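So the structure is just underneath, and the comments pick up after that.
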């Protein structure tokens with residue numbers, strides 16, 4: 001049987017599927033289709049997708065996962081995941097106050113664009129949520145225009161405020177909670193991205209599409225007040 | 001009720017961590033030294049993942065507002081109960097109004113305080129573990145503060161006695177940690193990784209143990225983000241490895257040069273900043289044997305604990 005990925009041992013209780021290292025829509029489709037058939041896999045605790053990998057974490061107190069067994073399982077269910085359609089989600093529009101982006105001027109200089117052009121380019125595409133990782137609710141998005149693909153900051157910041165919208169390398173993202181980071185900060189959103197009281201605790205999920213919508217500082221403050229009671233801003 | 005008089009350096013509620021949430025970006029969290037936490041709970045005849053306190057370097061001072069039974073396991077501190085020295089590694093009866101002062105770690109880094117019946121905190125996303133960096137779980141998503149009052153249950157030790165075979169202590173320095181080379185490990189790093197001594201940086205926390213030493217030659221400049229786990233050793237461009245710990249993020253973008261054998265996670269968790277370690281190479285088969293051996297030791301401990309509590313004999 002030939003499978004389009006390799007299987008590696010990640011740890012005593014985890015295996016990992018590895019595709020060739022690229023951001024590729026068909027790889028994403030396969031990864032999320034495989035996640036869809038994993039319910040039938042005994043002892044599985046977590047399925048962690050990235051652009052080209054799928055980590056499978058099993059019960060550490062259960063039997064050790066075997067690569068051969070997983071191969072057989074995926075081979076048996078191949079019809080279901082090989083032909084599955086791409087995962088689709090909701091479309092989300094995220095309000096962003098670009099005036100609050102500390103590095104916006106630096107980004108304009110580095111990309112040889114005006115500040116207005118940086119904002120326009122960042123707002124133009126429809127981004128796709130490939131997977132979540134790094135911190136709770138942090139979405140890895142694909143679709144950043146080449147003109148905005150810049151090297152990361154030479155020295156990372158120790159703390160980036162929650163709600164920061166940033167770009168780094170070929171990626172753009174929004175920080176749901178305060179965290180360290182080396183990306184350029186180009187704006188701030190008042191929208192909470194993590195809410196433990198909602199049924200879906202993260203505002204974004206794999207398969208969702210996303211566009212950014214510029215708002216003024218006044219609008220930002222207004223929306224922040226509406227969300228003031230929100231635990232993730234404390 | 002257990003009242004916090006002094007919180008210590010970083011005291012958090014932990015269990016064995018959160019599963020089923022990694023795809024949303026949550027850490028697994030849970031006790032940094034799962035083995036010590038399991039031992040503490042088994043001494044009280046309760047499941048390994050019962051919520052307990054993880055005390056770091058400087059322990060808390062607590063007052064108990066009901067009778068209970070506790071167990072202290074992990075780094076040896078200088079625990080005093082109403083001024084009287086206590087033995088770690090065995091069940092201890094505590095009475096209403098008594099004050100427990102853990103003191104400082106004399107060796108090692110983390111001590112676990114288990115309470116019979118467990119700390120009564122509500123689970124968040126299926127676990128009572130605290131993920132400090134995002135402020136969720138445990139006690140209000142944070143380390144304990146003076147004045148906190150954590151609910152506990154009333155319990156008694158049926159037949160108090162003082163003869164209990166205690167478990168062996170903390171590893172000597174430099175600590176030896178068994179690792180399996182990872183997917184981005186390259187043969188030319190062998191000498192640097194396995195022959196040199198590393199030191200735990202003061203910038204280490206529950207997310208990652210930062211190791212200081214002569215920089216390792218680069219593996220690969222940058223990789224596309226991949227799944228990572230507790231025990232994964234990443235190599236950032238600085239050449240100073242980071243070993244991911246209990247609050248590890250589920251994905252990471254630095255080359256993965258090795259994975260720490262699960263049986264040695266607790267060795268890493270018990271290193272204090274400034275302490276030294278060496279890595280030794282092993283394979284998955286050996287790592288599994290080490291884990292089986294550790295499970296056998298835990299099973300033997302459960303039998304001793306049952307005898308101690310006069311159950312099953």
Sort A:199, A:68, B:212 so that the residue with the fewest other Cβ atoms within 10 Å of its own Cβ comes first and the one with the most comes last.
A:199, A:68, B:212
With springs connecting C-alpha atoms under 10 Å apart, model chain B as a Gaussian network and identify which of B:15, B:101, B:283 has the largest mean-square fluctuation.
B:283
Using the per-residue mean of other Cβ atoms lying within 10 Å as a proxy for protection, in what order, highest first, do the peptides B:269-281, A:170-182, A:86-98 fall?
A:170-182, B:269-281, A:86-98
Chain B: relative contact order as a whole-number percent, Cα under 8 Å and 6+ apart:
20
What ranking, highest mean first, results for peptides B:173-179, B:196-202 when packing means the other Cβ atoms within 10 Å averaged over each residue?
B:173-179, B:196-202
What does the highest-first list of B:61-67, A:131-137 look like by mean Cβ count within 10 Å?
A:131-137, B:61-67
Angle between the Cα long axis of helix B:284-308 and the longest principal axis of chain B, 0 to 90 degrees, nearest 10?
0
In whole angstrom, note down how far apart the Cα centers of the range A:122-178 and the range B:178-210 are.
28
When the scattering of chain B is computed by the Debye formula from its Cα atoms alone, each counted once and equally, what is log10 I(q)/I(0) at q = 0.08, 0.14 Å⁻¹?
-0.36, -1.05
Shielding by partners, peptide A:136-144 (average Cβ within 10 angstrom, other chains):
3
Any idea what the alpha-carbon Rg over 2.2 N^0.38 Å comes to for the range A:1-132?
1.41
Cα-based equivalent ellipsoid of the range B:39-90: semi-axis lengths in Å, sorted from largest, via gyration tensor
18, 14, 11
Within 10 Å of the Cβ of an average residue in A:38-51, the count of other chain Cβ atoms is 4
Tell me, what does the Kirkwood hydrodynamic radius of the range B:38-170 come to in angstroms if you use every pair of distinct C-alpha atoms?
15.2
Hull surface over four for the Cα convex hull of the protein assembly as shown, reported in nm², is 26.0
Quick one: among B:70, B:303, B:233, which has the greatest mean-square fluctuation in a GNM of chain B with alpha-carbon springs under 10 angstrom?
B:303
Shape descriptors of the range B:249-290 over alpha-carbon atoms, Rg and Dmax in angstrom, are 12.3, 32
Distance between the range B:17-71 and the range A:42-73 - C-alpha centres, whole angstrom
26
Within a 10 angstrom radius of each residue's Cβ in B:244-257, how many Cβ atoms of other chains show up on average? Whole number is fine.
3
Largest-first principal axis extents, alpha carbons of the range A:6-82, Å
35, 24, 18
Given the DSSP H assignment, sum -39500 (n - 2.57) over each helix run of at least 4 residues in chain A and divide by its residue total; what's the result at 222 nm in deg cm²/dmol, nearest 500?
-6500 deg cm²/dmol
Determine the calculated [θ] at 222 nm for chain B from helices alone, applying -39500 (n - 2.57) to every DSSP H run no shorter than 4 residues and normalising by the residue count; nearest 500 deg cm²/dmol.
-4500 deg cm²/dmol
So what is Rg over Rh here for the range B:221-260, counting just Cα atoms and using Kirkwood for Rh?
0.92
At 7 Å along Cα-to-Cβ for each site, give me the label-to-label distance between residue A:219 and residue B:156 in nm.
6.8
Sort largest first and round to whole Å: the equivalent ellipsoid semi-axes of chain A, each the square root of five times a Cα gyration tensor eigenvalue.
36, 20, 16
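Rule-based calculations on the coordinates, nothing more; no lab input. Just so we're clear, the structure is a prediction, and the values are computed from it rather than from any experiment. So basically every Cβ, Gly included, is an ideal-geometry build from the backbone, and we count neighbours across all protein chains shown.
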